[in-house]
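One structure, as structure tokens, below. Some questions next.
The values are calculated or read from the model by the stated rules, or taken from the named source; none is laboratory data. In this text, all values refer to a predicted model and were calculated from it rather than measured experimentally. Using ideal geometry, Cβ is built from the backbone for each residue, glycine included, and neighbour counts are taken over all protein chains shown. Note: accessible area is taken over every heavy atom of the protein model, side chains too, but ligands, DNA and RNA are not part of it. Shrake-Rupley method; radii C 1.70, N 1.55, O 1.52, S 1.80 Å.
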Amino acid sequence: MFENYKVFNYTYAGRPLTVETGKVAGLANGSCMIHYGDTVILACATASAKPRDGIDFLPLSVDYDEKMYAVGKIPGGFLRREGRPSEKAILTSRVIDRPIRPLFPKDLRNDVALTLTVMSVDEDCSPEITAMIGASIALSISDIPWNGPIGGAFIGLVNGEVVINPTAEQRKESTLELTVAASEKKVVMIEAGAKEVPDDVMFDAIMKGHEAIKDLLVFINGIIAEIGKPKFEYPSCELDHDMFDKIFDFCEKDVMEALDTDDKTVRDAKMQPIIDRISETFSEEYPDLAVVLPELIYKIQKKIVRRWLLVDKKRVDGRSMDQIRPLAAEVALLPRVHGSGLFTRGQTQVMTIATIGALSDSQLLEGLDNETEKRYMHHYNMPGYSTGEAKALRSPGRREIGHGALAERALVPVLPSVEEFPYAMRLVSEVVSSNGSTSQASICGSTLALMDAGVPIKAPVAGISCGLITAEDGSFDTMLDIQGLEDFYGDMDFKVAGTHKGITAIQMDLKIDGLTPEIIKKAFEQTHKGRDYIIDDIILKAIPAPREEVSKYAPKLIQMKINPDKIRDVIGSGGKIIQKITADTGAKIDINDDGSVYILAINRDAAQEAKNIIDAIVFEPVDGCCYTGTVTRIIPIGAFVEIAPGKEGLVHISKLANKRVEQVEDVVSVGDVVTVKFLGTDEKGRLNLSMKDAQNG
């Protein structure tokens, strides 16, 4: 039935990798079912027959589609079906998009869609890496023009040893989470989170990942040779070269003058009259000029900026290639928040606000892995005004989610443990002005805000980006701390965050076909010097150490430990008791199964009041100890005394005093506060108390 069905087998990092083609999704331009262990991904690549009108870019979409059935779960929520992609799915889509996008022809404008459906998950075999490999194979064997293939690897660092595609148990012990994508000759994507891993160790891990990928590519190329389709012809969207040269000569000097400033607003203002003159002068000669004008202006500016950087070693703001823009840092800007920091780098400004709360405020996660919650969250917002644009607010897109995740990952390694600081933490970075490197400014702002909030981080973290400019002859140069224009027209945005000790996060955006080891090594050298400078000369001068106490507006925490058998007594039937404690004191109470209790309240008195109530509920008197209590009722044979809320015992008439007592009322009355000694419990569990023994010591 399946005439074109093929199966290809390979062993990758000691586990079987199987690629099936020709069985399912036959109407896609290219598809494969890829198995890695018991992880299964259906990878499908499709392209439109022709470009849409007016498209001046490659409309590529990459969707990593998590299905809950892959791990035997029914989705939560009212609908009980998958909804919007999880944050991890969005981040995985971005990780796969980044190495694939630069390898498409520059003049391709057909819609291209990659759909990577996660159908089964083996936690020892990363579905993210499997999907990346599947995407590469689906594109490579399709008729869609693409200059692949690439391969991917996940690299861990376990007991100081580099491990390719570590198992789930190894990942728990790993101090490194590194994803590398590469072609045969170059590294095309790096994404990492690390526990202060030194630069040389990180470089070595990247190179070992590349070596593993080279062997994988031999296998993929064998598949392409056997079943790959010829690539289809497409209408080139290249600009008319004669038109470009003529208009470039007309406006070159004016554009150079307009670009020669570090002020984005001034530059944009100077460019507009030039654009108007181009339209007036050449519209009759080139009737379609209005359609291609945005791309034409882009390429004119790109040619000038790249020539400055590569030939003249000139940057638009006059800096040297390894010089950082003017920096400033400030804390405690907002009076009522728990912590705040403003980090300024040139025209880029990010204000980050820290909020601390109860552990129950941790974010609950529903995904395909075993992570169920996180206590540290970072959210990134970039409104239109930050770039001078008049546009309404929208919900965060993939870019915002990606930048927030990068800043979050950069700070996680230096956070105190739950035992050291039992709070949930949320940071929000508001980009108030943008001219490049906002994600790295968010990292610096996060360090400031956390320290201002009194979070005892282990070390300050700074982030900095490194750009790249390359020539056709293979020569290159890197530049530290790229601004918007250099990012827009350059070849790379290599973002590195870390402490003095080592790297905590990496994200690399690339516009060329890959990086050589020499480029990666130089980028590490430059960014390390940059982050050391930012930490010592900017961050620590703004706030030398985390504040000794959390803000007076932050919730105050009291920790206590109770017998786990008493948890049900504190909670009460249907939660009635704990709800009453919360209502009476205003405190928020979290109880773990091991008996750990976390009490948070706006003021310490309220937290202490809640603790006193819980102490009373779980109170167990000790034989022979004396307690102060209140007489609650009197019966002929004695008086009942409450020594703790809900803990009442009987003082027998014979134990009221050191003399004979005729009537209980002769010694005590209801409401009296008396001292009693606990004598134990009777066969029914009732407390036996004695005032006489308390008086006699």
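To the nearest 0.05, what FRET efficiency results for Leu27 and Glu366 with a Förster distance of 45 Å applied to their C-beta separation?
0.90
Quote to one decimal, in nm, the extra length available between Gln608 and Arg336 on full extension: 0.36 nm per residue of separation minus the C-alpha distance between them.
Taking 0.36 nm per residue and subtracting the Cα distance, the gain is 95.6 nm.
Rule-of-thumb check for segment 213-276: C-alpha Rg over 2.2 N^0.38 Å?
With N residues counted in segment 213-276, Rg over 2.2 N^0.38 Å equals 2.11.
Here's a follow-up. If the limit is 18 Å between Cα atoms, which of Lys556/Lys647; Lys374/Lys611; Lys561/Lys647; Lys561/Lys611 go over it? List each step's numbers first, then the result.
Numbers: Lys556/Lys647 29 Å; Lys374/Lys611 26 Å; Lys561/Lys647 20 Å; Lys561/Lys611 11 Å.
In this structure, Lys556/Lys647; Lys374/Lys611; Lys561/Lys647 exceed 18 Å between Cα atoms.
List the residue ranges in the chain for DSSP H helices whose C-alpha atoms run 18 angstrom or more along the long axis and whose Kyte-Doolittle average is 0.5 or above. Each step should come with its number before you reach the end.
Working: long enough: 87-100 (20 Å, 0.02); 127-141 (21 Å, 1.42); 199-227 (41 Å, 0.74); 241-259 (24 Å, -0.16); 264-282 (27 Å, -0.55); 289-307 (26 Å, 0.46); 398-411 (20 Å, -0.50); 438-452 (20 Å, 0.59); 517-534 (26 Å, -1.07); 604-617 (20 Å, -0.37).
Helix filter hits for the chain: 127-141, 199-227, 438-452.
Averaging over every viewing direction, what projected area does the convex hull of the Cα atoms of segment 93-241 cover, in nm²?
Spelled out: convex hull of the Cα atoms, projected over all directions, averaged, 10.7 nm².
Take the Cα pairs of segment 163-274, get the Kirkwood Rh, then feed it into Stokes-Einstein at 10 °C and 1.306 mPa s and tell me D in µm²/s. Walk me through the numbers on the way to the answer.
On the way: Rh = 19.6 Å.
Rounded to a whole number, D works out at 81 µm²/s.
So with the 1.4 Å probe, I'd like the accessible area per residue for segment 1-136, rounded to whole Å².
For segment 1-136, the per-residue accessible area is 47 Å².
Also, I was wondering about something else. Under 16 Å Cα to Cα from Lys73, which aspartates and glutamates show up? Leave out anything in the same chain fewer than 8 places away.
Hits, sequence-local ones excluded: Asp65, Glu82, Asp122, Glu123, Glu366, Asp369, Glu371.
Rounded to whole Hz and in sequence order, give me ³J(HN,Hα) for segment 109-119 from the Karplus expression 6.51 cos²θ - 1.76 cosθ + 1.60, θ = phi - 60°, writing x for Gly and Pro.
Couplings: 10, 5, 5, 10, 10, 10, 10, 10, 9, 7, 10 Hz.
For Lys6, give me every one of the aspartates and glutamates with a C-alpha distance below 13 angstrom, ignoring sequence neighbours fewer than eight places off in its own chain.
Result set, ordered by chain and number: Glu20, Glu226.
Could you state the number of Å between the C-alpha centres of segment 495-551 and segment 1-50?
Using only Cα atoms to place each centre, the spacing works out to 39 Å.
Still on this model: Taking all pairs of different Cα atoms in segment 264-409, averaging 1/r and flipping that mean, what Kirkwood radius in angstroms comes out?
This gives a value of 20.1 Å.
So, one more: Of all the accessible heavy-atom surface of segment 1-129, with the other protein chains kept in place and a 1.4 Å probe, what percent is carbon and sulfur?
54 percent
Related question: Per the Kirkwood treatment, what hydrodynamic radius in Å, one decimal, follows for segment 336-375 from the mean inverse distance over all distinct Cα pairs?
13.0 Å
Return the carbon/sulfur percentage of the accessible area of segment 487-623, one whole number, probe 1.4 Å, all protein chains in place.
Roughly 51 percent, rounded to a whole number.
Using the reciprocal of the averaged 1/r over all distinct C-alpha pairs, how large is the Kirkwood radius of segment 572-697 in Å?
The Cα-based Kirkwood calculation yields 16.2 Å.
Further, regarding this structure: Equivalent ellipsoid semi-axes for segment 285-360, as square roots of 5 times the alpha carbon gyration tensor eigenvalues: give them largest first, rounded to whole Å.
In descending order, the three semi-axes are 42, 21, 10 Å.
Sequence-distant or interchain residues sharing an amide H contact under 5 Å with Leu108, placed H: which?
none
Please work out the ratio of the alpha-carbon Rg of segment 587-650 to 2.2 N^0.38 Å and round it to two decimals.
1.44
Next question. Roughly what would the spin-label model give for Ile637 and Gln272, points 7 Å off Cα along C-beta, in nm?
It is 9.7 nm.
Semi-axes, largest first, in whole Å: what does sqrt of 5 times each Cα gyration tensor eigenvalue give for segment 407-554?
32, 15, 13
Sorting check: for 194-205, 357-368, which peptide has the highest mean count of neighbouring beta carbons within 10 Å, and how do the rest follow?
194-205, 357-368
With an 8 Å Cα cut-off and a minimum separation of 6 or more residues, compute the relative contact order for the chain in percent.
RCO, the chain: 10 percent.
Hey, what do the phi angles of segment 659-666 turn into as Karplus ³J(HN,Hα) couplings, whole Hz, using 6.51/-1.76/1.60 and θ = phi - 60°, x for Gly and Pro?
Residue by residue, segment 659-666 yields 9, 5, 10, 7, 10, 4, 5, 5 Hz.
Ranked from highest to lowest mean number of other Cβ atoms within 10 Å per residue, what is the order of the peptides 557-565, 340-348, 47-55?
So the peptides 557-565, 340-348, 47-55, ranked by packing, come out 340-348, 557-565, 47-55.
Under a crude label model (7 Å from the Cα following the beta-carbon direction), how far is Lys50 from Lys231 in nanometres?
Using points 7 Å along Cα→Cβ, the separation is 2.2 nm.
With the Cα gyration tensor of segment 362-462 in hand, give its eigenvalues times 5 under a square root as the equivalent ellipsoid semi-axes, listed largest first in whole angstrom.
Over the Cα atoms of segment 362-462, the semi-axes work out to 25, 18, 11 Å.
Determine the calculated [θ] at 222 nm for the chain from helices alone, applying -39500 (n - 2.57) to every DSSP H run no shorter than 4 residues and normalising by the residue count; nearest 500 deg cm²/dmol.
The helix-only estimate for the chain comes to -9500 deg cm²/dmol at 222 nm.
Sticking with this one: Express the accessible area of segment 495-602 per residue in Å², computed with a 1.4 Å probe while the remaining protein chains stay in the model.
On a per-residue basis, 49 Å².
If you don't mind, another one. What whole-number value in Å² describes the accessible area per residue of segment 240-297 for a 1.4 Å probe? Don't skip to the answer; put the middle values down first.
Working: 3490 Å² over 58 residues.
Value returned for segment 240-297: 60 Å² of accessible area per residue.
Now for a different question. Holding the Cα-Cα limit at 29 Å, pick out from Lys270/Lys391; Lys186/Lys458; Lys172/Lys511 the pairs that are longer than that.
Violating the 29 Å limit, Cα to Cα: Lys186/Lys458; Lys172/Lys511.
Where the accessible area of segment 389-439 is counted over protein heavy atoms with a 1.4 Å probe, how much of it, in %, is carbon and sulfur?
Roughly 52 percent, rounded to a whole number.
Determine the principal axes of the Cα atoms in the chain, then give the extent along each, sorted from largest to smallest and rounded to whole angstroms.
If we take the Cα atoms of the chain, the spans are 121, 66, 45 Å.
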